[in-house]
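Accompanying notes for the structure given below.
Read-outs throughout are calculated quantities, based only on the coordinates presented, and are distinct from any laboratory measurement. Just so we're clear, the structure is a prediction, and the values are computed from it rather than from any experiment. Neighbour counts are summed over all protein chains in view; Cβ atoms, including those assigned to glycine, are modelled from backbone coordinates with ideal geometry.
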Amino acid sequence: MKKRIKLWSFTLVVALLSVACVNDDFNNSGTLEGNQTNGENIKLGMKMKIAFTIENMQKAYENIKNNSTAKQFPGNGQHYRTNNETNNYSGNDYIINTTHYYYKFTPRDSIQYERLVNDSILSVTDIPFEYVIETDGEKYQAADMSNTNFTHYYSVVPIDYNIPSEIEYEVIANLHFTKEDEIDDNASEYDMQKVDFFHDLNTEALKISDNLEEEKENLLYQFVNPNGETETLTWQQAQNRGLNLEQLVINFNEDDYDAPDFFARRSKWNPCGTVTTQEDAVNINVGVWDAKIKVRKWGGG
């Protein structure tokens, strides 16, 4: 059984409280850098590629199938059922289908706004998931909404969820999330092989979308040198030779590196942070106690 590093810190987004980081007291001075509040504002930085789009996951899957060190999907020629639904695992192939939609909502009045932010399934955020927050702050308002009291709100939800149709929305991307979270600690050998495959597929999706971040330092890579020889390199060695990720193939061979055990590499990630709210009476931020915190995989359930 392969051993793997833990890579899910990129894919996890914390939705705070029932309004998921949404602020409801905007002024009309919003800019690309966001609104000013007590001298603080949110400024968005680089826009990242979305790793889990159908297109990117399909490309990652093709790469996995051509990587001799990667775990292949352990098809057994039969469907299996989970939660009374037939999953798309059959034969020796894996189907990249849409499991979630990434939405952008634009409420036009307070009724629509309340309907949106009080939907605990949507758990909307006012920060688009694919942007890096360059400067943190208390709120953000999109530049194209600066003449309104609202902004755009974002959510990632399963495809079968009925979103509020009365609110203007746009589907930003069709996403595919693997279902390793449905496999419990009493998994069969077949299920464990699937989780290995899910891990390699997601790792490759992060690589080709340039989202591996610090995890790339914990992987080994294969590189075909000008002499036609295949070398195994660390990330530091690759950097020293002026190579980039596009020139490298991830080496998933379990004998070539040390990593946490099977269950530790699944999506068991411990989020951390501070939840605060503004206390209007004294105009300061105070801590929130006994709040229910939702943790999602890139906004998904």
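Some values worked out for this structure:
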| item | result |
| --- | --- |
| In Hz, Karplus ³J(HN,Hα) per residue of segment 146-154 (6.51, -1.76, 1.60; θ = phi - 60°; x = Gly, Pro) | 5, 9, 10, 8, 10, 9, 7, 10, 10 |
| Three-way shape label, segment 113-265, alpha-carbon gyration tensor, a/c 1.5 | oblate |
| Amide H within-cut-off set for Ile133, under 5 Å, with H built and near neighbours excluded | Gly45 |
| Gain on full stretching of the segment that runs from Asn227 to Ile159 - 0.36 nm per residue minus C-alpha separation | 19.6 nm |
| Two-site label geometry, Asp144 and Ser188: point separation in nm, points 7 Å out along Cα→Cβ | 4.9 nm |
| In Hz, Karplus ³J(HN,Hα) per residue of segment 186-203 (6.51, -1.76, 1.60; θ = phi - 60°; x = Gly, Pro) | 9, 5, 6, 4, 4, 5, 5, 5, 5, 5, 4, 4, 4, 4, 5, 4, 5, 4 |
| Estimated dipole of segment 108-159 in Debye, rounded to 20 [Cβ of Lys and Arg +1, of Asp and Glu -1, Cα centre] | 200 debye |
| Extreme residue, positive dipole direction of segment 111-201, given options Tyr190, His176, Gly137 (C-beta unit charges) | Gly137 |
| Sequence-distant residues sharing a close amide H with Ile250 (under 5 Å, placed H) | Gln222 |
| FRET efficiency, Glu170 to Asn66 (Cβ-Cβ, R0 41 Å, nearest 0.05) | 0.75 |
| Vicinal HN-Hα couplings computed from phi for segment 50-65 (Karplus, 6.51 cos²θ - 1.76 cosθ + 1.60; Hz; Gly/Pro x) | 7, 5, 9, 5, 4, 5, 5, 5, 5, 5, 4, 5, 4, 5, 4, 5 |
